[in-house]
1. Going through 10, 58 one at a time, which residue ends up being among the polar types (S, T, N, Q) and surrounded by 16 or more Cβ atoms within 10 Å (Cβ to Cβ)?
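Every number here is computed from the coordinates shown, using simple stated rules; none is lab data. Please read these numbers as outputs of a predicted model, since none were measured by experiment. Every residue, glycine as well, gets a Cβ built from its backbone with ideal geometry; the counts of neighbours run over all protein chains shown.
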Amino acid sequence: MDIGEVAKASGLAPSTLRYYEEIGLIQSSGRKGLRRLFQPKVLQELALISLGRKAGFSLDDIRGMFTPRGPEIDRGQLLEKANELENKIAELSAIRDGLRHAAACKAANHLECPSFLRLLRIAGKNRNRATLSKPPAKSSRS
């Protein structure tokens, strides 16, 4: 399959396919003129990459899952990511429910609504937690 066919079948831009090849996620099998050629199995690899990205894995994480023998996915890493997603779903569900309540709340001002104030506290705690969990920025001066 040439790069245009892979792009059409996968829904990814040719530039994305070239980038994935450049960083070692996929491999072309040759060229036809200037166009890269790929084996049909690349579509499955791209589907795995897409699933990994949607699950929150970085491209580096995903690259670590691809070996010369094919994908080798660490089940512990999958469980860890599933737990992260479950926590995120619970957080987003609470926010959704709070927003629905705020939209229907009869309080004259949202800041008078105990449920909305609880939502603000949750948002503030999560913002602080996210700030604390980020690694310090690396200085560009070395």
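1. Values: 58 fails: surrounded by 16 or more Cβ atoms within 10 Å (Cβ to Cβ).
None of the others qualify; the one that does is 10.
So that you can scan it fast, the table gives a plain yes or no per residue for (1) within 30 Å of residue 121 (Cα to Cα); (2) surrounded by 11 or more Cβ atoms within 10 Å (Cβ to Cβ); (3) in contact with a helix residue (DSSP H, G or I) (Cβ under 8 Å, 6 or more places away or on another chain):
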residue	(1), (2), (3)
20	no, yes, yes
49	no, yes, yes
78	no, yes, no
101	yes, yes, yes
106	yes, no, no
110	yes, yes, yes
